[in-house]
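Note sheet for the following structure.
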Amino acid sequence: MLFSVIAIALLVAMLLTLVRALAGPTAFDRLLAVNSFGTKTVLLIAVAGFLMGRPEFLDIALSYALINFLGTVAVLKYFELPDPDSGHYAEDDY
Amino acid sequence: MELLLGVLAWPLAILGMIFLIAGAVGMTRLPDLYTRLHAASVTDTGGTLVIGLVLLLYAVFVYGSAMVAIKLLLIMGFTLFTAPTASHVLAKAALLSGLVPVDGKGEPLLESSEQATQLGRSRPDASSAVQEKR
């Protein structure tokens, strides 16, 4: 009961996050939504593990948490520096 | 034990669900990236910690498994560090790329995107070095 309610709340939150990921005007909005979606996915995997009585799902959740952070930072590096020669960025920004 | 779980787990779970839903609603409704970032990052960290605490209660009192508890603590600790870091990186990248914050009516709060870039710099005088070089 408890875990089902948490899972439903998580799914509703993920749906709203997905709306922002699809609508977000800038790339940063989409990235924020994807990052937040990933955090909620970690929680959902963990809760689903407890819901099915198999806490081994936590291994998957743990690795998903690691990949989620690394993925966000890696993609951001791509957006932060569009053109190093444009003069828009200073030396210290890199 | 059942009573303890019910008394402790349900309020924590409801608090966590309020965090998550409020953050998601804030992310869909707030006017610009920076306000959405604020809504999302705070509630993500808080919601993960609180719901992790609920799962931790079950891991300790129902499953009685130390390994499950340790994995949950690892997830919670990792989220506690990475979620604010990711938000900081996101905000700094957006400022550096010149995204101007707007207020509720869509009016820009800064005069130009150069000003936003300047705000995002680690050292505010860094741009003068570029101008001297050119």
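Read-outs: derived from the displayed coordinates by stated rules, not from any lab. What you see is a predicted model; the values in this text were computed from it and never measured. Here the Cβ is made from the backbone with ideal geometry for all residues, glycine too, and neighbour counts use every protein chain on show.
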(request) Determine the relative contact order of chain B: mean sequence separation of Cα pairs under 8 Å and six or more apart, normalised by residue count, in whole percent. (result) 21 percent
(request) Relative to the longest principal axis of the C-alpha atoms of chain B, give the angle of the C-alpha long axis of helix B:66-96, reported between 0 and 90° and rounded to the nearest 10°. (result) 20 degrees
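Report the Rg/Rh value for the stretch A:2-81, based on alpha-carbon coordinates and the Kirkwood definition of Rh.
Numbers: Rg = 14.0 Å, Rh = 13.4 Å.
Taking Rg over the Kirkwood Rh, I get 1.05.
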(message) Please list, in order, the residues from the stretch A:1-20 whose amide nitrogen is less than 18 Å from a point placed 7 Å along the Cα→Cβ vector of B:Ile14.
(response) A:1-10
(message) Set the bar at 25 Å for Cα to Cα. Now go through A:Lys40/B:Lys105; B:Lys71/B:Lys92; A:Lys40/B:Lys92 and name every pair that lies beyond it.
(response) A:Lys40/B:Lys105; B:Lys71/B:Lys92
(message) Taking every pair of distinct Cα atoms and averaging 1/r, then inverting, what Kirkwood hydrodynamic radius in Å comes out for the stretch A:1-41?
(response) 10.5 Å
(request) Quick one, can you get me the convex hull of the C-alpha atoms of the protein assembly as shown expressed as volume per residue in Å³? (result) 117 Å³
(request) Evaluate Rg over Rh across the stretch B:31-101, taking Cα atoms for both radii and Kirkwood's formula for Rh. (result) 1.18
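Report, please, the projected area of the stretch B:1-125 averaged over directions, based on the convex hull of its C-alpha atoms, in nm². Present the calculation step by step, with values, prior to reporting the outcome.
Working: hull surface 37.4 nm².
Mean orientational projected area (the stretch B:1-125, Cα hull): 9.3 nm².
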